[in-house]
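A short write-up of the structure that comes next.
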Amino acid sequence: MLSELLGELIATGIAVAIVVVIVFVWRLLRKAPFVMAGIGGGLLGLAAGIALSLGGVNFRTEGSPAGTILFVVLGSVVLGAGILGLVLAGRGIVDAANRGAMHLLATVFTLLFVAAGVGSYFVKRPGAGGGGYGGAGDVVDAPIRKFPPMTERGAARSVELRDAYALAWKERGAAPALRMSIPAAQFAFEAKRIPETIDGPRHVDLLVPETPVDFARLRLYRDDSEFDDPMQANLYGRILRPAEWQGALWADEDKRSWQFAGFDCASPAFEKRTEVVGDAAPGCYEARGFFARWLPSIAGPSRLRLVVGPARNACSMTFLYRGRPATVTTAAPCTERASFAALASAMRLMARLETHAR
């Protein structure tokens with residue numbers, strides 16, 4: 001009984017202390033309107049920056065419980081910071097206006113300056129231009145990279161290519177072990193021998209079927225060690241200034257089969273260009289059923305990042321196949337349907353080669 005009473009007294013004392021501190025700080029800030037407005041501007045910039053960074057390619061819950069909880073927490077922060085920021089900014093401007101024009105001008109300038117500074121730090125804006133990565137101004141927030149040892153980077157032997165090549169890569173981080181049976185005629189550049197490290201080749205170059213011979217090629221990588229930081233950040237992490245052509249696709253990644261489910265036409269790469277995926281069956285992905293729509297991580301395909309790199313009359317499209325980078329390069333602009341039809345054909349090819357290896 002005594003311990004409960006003591007606990008209530010302590011809680012009441014803490015609550016009273018908090019109220020006293022708030023009243024004291026409020027009265028102190030009323031004497032310096034530009035400080036009050038600056039704090040309010042900072043809170044507004046924080047709320048706006050987080051809110052804008054939640055959309056597009058920078059944040060997707062994809063139905064996972066952890067992502068949903070994080071979204072709720074960040075949403076609460078945005079709401080609380082926005083309301084408190086409006087109160088402080090409004091009160092500061094009113095008090096400054098009562099003191100004169102110069103006070104009002106200084107207060108408004110402080111508010112805008114602080115809000116812009118805080119907001120620009122948190123917000124992730126799509127970069128302007130044609131979609132290139134790796135520019136001098138790119139700021140990358142990427143996971144720590146782990147490069148393979150030298151024994152897995154240099155060629156240790158050369159295997160003669162006959163009727164078919166048995167590709168076998170061991171497990172690498174989140175990427176499971178991968179096996180494919182690749183016919184010799186499927187290799188690009190008329191390869192005769194395949195250079196291997198102690199863990200197979202670093203990559204394989206294949207012709208994309210259902211397209212002209214010189215139109216599209218597929219390069220499947222063993223890992224991401226051949227990519228620069230911006231590209232790696234787009235595939236596994238986040239880039240703070242993503243290019244205009246950052247997109248996504250959906251795929252069923254079953255242990256025994258991999259199936260392309262469609263493009264994420266709500267992503268920036270396709271939001272205003274849905275016509276380019278018209279010939280790339282099955283086109284735009286449409287979730288069917290309650291769980292596939294609201295909880296895709298439990299029942300439904302996985303959402304994979306798609307980095308599209310326009311380059312005049314050519315196009316490169318990179319995504320993760322079973323956790324390993326794959327790049328499809330076409331001899332056509334990214335604005336043409338044929339490029340994405342070739343991408344869909346390349347995905348069907350990899351799934352077929354993996355199935356044949358079983």
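The values are calculated or read from the model by the stated rules, or taken from the named source; none is laboratory data. What you see is a predicted model, and the numbers here were worked out from it, not measured in a lab. No Cβ is skipped: glycine too gets one built from the backbone with ideal geometry, and neighbour counts run over all protein chains shown. The accessibility values were calculated without ligands, DNA or RNA, using every heavy atom of the protein model including side chains. Shrake-Rupley method; radii C 1.70, N 1.55, O 1.52, S 1.80 Å.
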Restricting to aspartates and glutamates and to Cα separations under 19 Å from Lys272, and discarding same-chain partners fewer than 8 apart, the set is Glu244, Asp264, Glu286, Glu336
Once region 152-282 is represented by equal point scatterers at the alpha-carbon sites, with solvent omitted, what log10 I(q)/I(0) does the Debye formula produce at q = 0.13, 0.14, 0.20 Å⁻¹? -0.75, -0.86, -1.41
Accessible surface of Tyr165 - all protein chains present, 1.4 Å probe, nearest 10 Å²: 10 Å²
Tell me the trypsin sites (Lys or Arg not before Pro) within region 160-226 that lie in a loop according to DSSP and have at most 10 other beta-carbon atoms within 10 Å. Arg162
Spin-label pair Val20/Ala266, simplified geometry with 7 Å Cα→Cβ offset, distance in nm: 5.1 nm
Would you check the accessible area of Met317, probe 1.4 Å, heavy atoms only, in square angstrom rounded to 10? 0 Å²
Sequence-distant lysines (8 or more away, or on other chains) whose Cα lies within less than 26 Å of Lys192: Lys170
Under 16 Å between alpha carbons, and skipping anything fewer than 8 positions from Lys255 in its own chain: which aspartates and glutamates qualify? Glu171, Glu354
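Just subtract the alpha-carbon distance of Arg288 and Arg27 from 0.36 nm times their residue separation and send over the number in nm, one decimal. Mind showing how you got there, number by number?
Values: separation 261, 0.36 × 261 = 93.96 nm, distance 5.67 nm.
Gain in length upon complete extension: 88.3 nm.
Counting pairs of alpha carbon atoms under 8 Å apart in space and at least six apart in sequence, what relative contact order in percent does region 307-357 give?
Values: 60 pairs, mean separation 13.5, N = 51.
Relative contact order comes out at 26 percent.
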What net charge do the residues around Pro209 carry, taking every other residue with its C-beta under 10 Å from that of Pro209, with Lys and Arg at +1 and Asp and Glu at -1? +1
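When the Kirkwood hydrodynamic radius is evaluated over all pairs of different C-alpha atoms of region 307-357, what value in angstrom, to one decimal, is obtained?
Values: mean 1/r = 0.0880 Å⁻¹.
Evaluated on region 307-357, it is 11.4 Å.
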